[in-house]
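> Got a structure for you, questions after.
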Amino acid sequence: MNYLFGPVNSRRLGRSLGVDLVPHKTCTMDCVYCECGGTTDLTTEIREYSPLKDVLAELDGYLSGAPPLDAVTFSGSGEPTLHSGIGVIIGHLKDNYPRYRVAVLTNGSLFSRREVRSSLLRADIVIPSLDAVSDEAFRAVTRPCPGIDPAEVVRGLVLFRKEFHGILSIEIFIVPGINDTDRELALLKEACLEIQPDFIQLNSLDRPGTEQWVGRAGPEELGRIARVFAPLAVSTVWAVPSHGAAGAAIDPDDMIRATLMRRPSTVQDLVFATGLPAEETARRVARLADSGILVEERGERGIFYRLREHGRPV
């Protein structure tokens, strides 16, 4: 396959088929933590990097057999919104393969452009990055293409939130010593309160990044940072203890309740938001519903859960 990869088992998206629309390391940023290595083509030029007809043909060839997938995800080793045909491809997926959720992982750098925002409106899940707001920290972490300004990035995300009706999750990659200071976190929280995402995902180094000096934020630090963003719904890569061990940054039930404070969600939505295993999420949701904390509501995508407040559904 030339443009597809996987499927991979994603903690957030389940079994996901990847779509890579641009050549290796063609990006608007050269982030110090990127596990794919340094950017070789730093650009903001939107064009048809991969032939649109070939991408569609490869998707049709793979999806026509109705493979067991949870999502089709635009990601890979570059910035997917640089491809001029991403909106056409998303529309093709939604029109012809509606059983699959469509997700877009993006650095969010081009959302100030109306055509980029419009191209993603039919996606189910969009996950932009926002690693810093101050100019100094933003440039230190992302090393953007000239012309990309953090204030414009935030403005674009605010506009997109107003236009987009799917799930919007902001991913913040913590680089210790740069974007984890009280000032930087306060600026990030202010921006997120303005954007109003459904969820915030805190991330930290898992594999070696582009720059060897990039350190890893531990579970206690991520837990501290998560609390800074209250009352926004936040999950961290450390939130789920392995093999039942103690030391989770946030109590899983609290994560579920915080998520449902923001919007009604299915179990699968909660798996995406919290990073909890599907079986554990379903078990916890059932227990919370049995105790009267949650209210069930049937929708087009299945059963949605809401928090009950003062004896009445929220």
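The values are calculated or read from the model by the stated rules, or taken from the named source; none is laboratory data. Fair warning: this is a prediction, and the values are worked out from it, not measured in the lab. For neighbour counting, all protein chains shown are included, and Cβ atoms are generated from backbone atoms with ideal geometry for every residue, glycine included. Heavy atoms of the whole protein, side chains included, go into the accessibility calculation; ligands, DNA and RNA do not. Shrake-Rupley method; radii C 1.70, N 1.55, O 1.52, S 1.80 Å.
For every residue, the table says whether it meets (1) more than 11 Å from D124 (Cα to Cα); (2) open to solvent by 10 Å² or more (accessible area, probe 1.4 Å).
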position: A66; (1), (2): yes, yes
position: V72; (1), (2): no, no
position: S75; (1), (2): yes, yes
position: H83; (1), (2): yes, no
position: I90; (1), (2): no, no
position: D95; (1), (2): yes, yes
position: P98; (1), (2): no, yes
position: R101; (1), (2): no, yes
position: L105; (1), (2): yes, yes
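> Still on this structure, please answer the following. In the set V22, V8, which member is of a type in the set (V, I, T), more than 15 Å from E79 (Cα to Cα) and either open to solvent by 30 Å² or more (accessible area, probe 1.4 Å) or touching a residue at least 24 places away in the same chain (Cβ under 8 Å) (or both)?
Values: V22 fails: more than 15 Å from E79 (Cα to Cα).
Sole residue among the options that is of a type in the set (V, I, T), more than 15 Å from E79 (Cα to Cα) and either open to solvent by 30 Å² or more (accessible area, probe 1.4 Å) or touching a residue at least 24 places away in the same chain (Cβ under 8 Å) (or both): V8.
> Give the number of residues within region 30-40 that are buried (at least 18 other Cβ atoms within 10 Å of the Cβ) and over 13 Å from T142 (Cβ atoms).
Of region 30-40, the ones buried (at least 18 other Cβ atoms within 10 Å of the Cβ) are 30-34, 39.
Cutting the leftovers down to over 13 Å from T142 (Cβ atoms) gives us none.
Total meeting the criteria: 0.
> Find the residue count for region 135-169, including only residues that are free of Cβ contacts under 8 Å to residues at least 60 places away in the same chain and open to solvent by less than 10 Å² (accessible area, probe 1.4 Å). Even if it seems obvious, please write down each step before you answer.
If we filter region 135-169 for residues that are free of Cβ contacts under 8 Å to residues at least 60 places away in the same chain, which is where we start, we get 135-139, 146, 149-166, 168.
Subsequent filtering for residues that are open to solvent by less than 10 Å² (accessible area, probe 1.4 Å) retains 137-138, 150, 153, 156-157, 160, 164, 168.
Number satisfying all stated conditions: 9.
> Spot the failing condition for C192; the list is (1) more than 26 Å from G78 (Cα to Cα); (2) under 17 Å from the mean Cα position of the chain (by Cα), and only one is missed.
(1) is the only condition that C192 fails.
> Here's a follow-up. Would you please list the contacts, defined by Cβ atoms under 7 Å and residues six or more apart or on different chains, that run from a residue in region 289-301 that is open to solvent by less than 100 Å² (accessible area, probe 1.4 Å) to a residue that is of a type in the set (D, E, K, R)?
Here the result reads A289/E296; G292/R308; I293/R308; L294/R306; L294/R308; V295/R306; V295/R308; E297/R306, each pair linking region 289-301 to a residue that is of a type in the set (D, E, K, R).
> Residues being over 18 Å from P150 (Cα atoms) and of a type in the set (S, T, Y): count how many of those fall in region 173-212.
Qualifying residue count for the region: 2.
> So which residues in region 75-93 are at pLDDT below 95 and not hydroxyl-bearing (S, T, Y)?
We begin by selecting, within region 75-93, every residue at pLDDT below 95; these are 75-78.
Residues satisfying the conditions are G76, G78.
> Could you list, in sequence order, the residues of region 25-81 that are touching a residue at least 60 places away in the same chain (Cβ under 8 Å) and small (G, A, S)?
G37, G38, A71, G76 - these are the residues of region 25-81 that are touching a residue at least 60 places away in the same chain (Cβ under 8 Å) and small (G, A, S).
> Right, here's the next one. Please return the ranges of helices (runs of 4 or more DSSP H) entirely within region 176-265 where 3 or more residues are modelled with pLDDT under 90, farther than 29 Å from K162 by Cα and open to solvent by 70 Å² or more (accessible area, probe 1.4 Å). Walk me through it before giving the result.
Details: elements: 182-195, 219-228, 252-262.
Fully inside region 176-265 and qualifying: nothing.
> Where in region 1-118 are there strands (runs of 3 or more DSSP E), lying fully within it, with 1 or more residues that are closer than 29 Å to P150 by Cα and among the hydroxyl-bearing types (S, T, Y)? Steps first, answer last, please.
Numbers: elements: 4-10, 14-19, 71-74, 101-106.
Correct list: 4-10, 71-74, 101-106.
> Can you pull out the residues in region 124-134 that are of a type in the set (A, V, I, L, M), closer than 18 Å to L193 by Cβ and either open to solvent by 10 Å² or more (accessible area, probe 1.4 Å) or not in a loop (DSSP other than H, G, I, E, B) (or both)? Reasoning before the result, please.
Start the filter on region 124-134 by keeping residues that are of a type in the set (A, V, I, L, M), which leaves 125-127, 130, 132-133.
Filter again for closer than 18 Å to L193 by Cβ, leaving 130, 132-133.
Residue satisfying the conditions is V133 alone.
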